[in-house]
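What follows is a short report on a single structure.
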Amino acid sequence: MAPLTPHWSQPSHPTIQKVMIPSDPNDFTTKSISLINLPPYALYAKLSFPPCTEAEKPTYATVQKGRDEHLNLNSDLVYINHSCEPSVIFDTTSLSILAGPRGLKAGEELTFFYPSTEWDMAQGFSCFCGAETCRGYISGAKNMKPEQLEGVWLNAHIRALLEERDAGVDGVKTKDATEEALKSALDQARKMVDAAQKALDTYKSIHGRSSVDDLGSTGGKGANRQNGVGSRELSGEMGGDTKVMV
Ligand SMILES: [Zn+2]
């Protein structure tokens, strides 16, 4: 795979994103760091057209936004790595990148769950994100079991494609799609309650007020989560960065 040659002027998002490019040409661990703090589900960036353009098929530089629709990012947003415990959400319905359920902190790595947009990736890779919930080999939602996708935010086109795939077994629809959709909505709502409770607790603790866990929040996952590589680069898709490709 040819190395990714940025054809846009860099940095493309200087106020919100810092791209960390390793100096060692054999090190493919390019990653992106957030420069801003955001509460849960707040808007991080729009996937605007332009710079985004339609793409005919998936590549290392595209994001799937519909059943047969892909977009070229044409910006530094392409350097947002995969993680199985991601910090941001690519919402292809609203063409937005949102902070994840824990919110976003300046200095935190920007990651998203590639199978939340990608049905069948051009090239799979082994994830080393280090999360307890790491799914291992990542090649798109098409190749993942339902239990591997439980509790994860997924785009509508991925949910629809999964529904079709799983209904095809023995020609019998084994799950009630409406019930599944409502369960999923409930699951997401619970996560938002947890996130809001956590935000309130944090606010109270900062302002010297005692924390009341009146909603029985389970709290978020550990804030000290270590992101591994698990990147497009690791799969060789990008083949490193251009600044070292003299
Ligand atoms: Zn992982």
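Projecting label points 7 angstrom from Cα along Cα→Cβ for Arg190 and Arg67 puts them 3.1 nm apart.
Taking the DSSP beta bridges with both ends in the range 17-206, the antiparallel portion is around 90 percent. At an R0 of 22 angstrom, the distance between the Cβ atoms of Ser48 and Ala106 translates into a FRET efficiency of 0.45.
With the highest mean first, a sort of the peptides 21-27, 118-124 on other beta-carbon atoms found within 10 angstrom per residue produces 118-124, 21-27.
In the distance distribution for the range 17-206, Cα-Cα pairs more than 20 Å apart total 58 percent. Relative contact order of the range 1-112: 32 percent, from C-alpha pairs under 8 Å at least 6 residues apart in sequence.
Protection proxy ranking of 137-144, 79-86, by the mean of other Cβ atoms within 10 Å over each peptide's residues and highest first, is 79-86, 137-144. Each Lys or Arg adds one and each Asp or Glu subtracts one; over the other residues with Cβ under 11 Å from the Cβ of Pro115, this totals 0.
Basic side chains Lys and Arg get +1 at the Cβ, acidic Asp and Glu get -1 at the Cβ, and with that the dipole of the range 17-206 about its Cα centre reaches some 460 debye. Of Ser48, Ser205, Ser9, the order by accessible heavy-atom surface (1.4 Å probe, DNA, RNA and ligands excluded), from most exposed downward, is Ser9, Ser205, Ser48. Positive-end ranking of Ile80, Tyr60, Asn143 along the dipole of the range 49-200, with charges on Cβ about the Cα centre, is headed by Ile80. Can you give me the relative contact order of the range 17-206 as a percent, contacts being Cα pairs under 8 Å and 6 or more apart? In percent, rounded to a whole number, it is 19.
The values are calculated or read from the model by the stated rules, or taken from the named source; none is laboratory data. As the structure is a computational prediction, the values presented were derived from the model and not from experiment. Every residue, glycine among them, receives a Cβ derived from its backbone with ideal geometry; neighbour counts consider all protein chains shown. When the accessible area is computed, the model is the full protein with side chains, heavy atoms only, and any ligands, DNA or RNA have been set aside. Shrake-Rupley method; radii C 1.70, N 1.55, O 1.52, S 1.80 Å.
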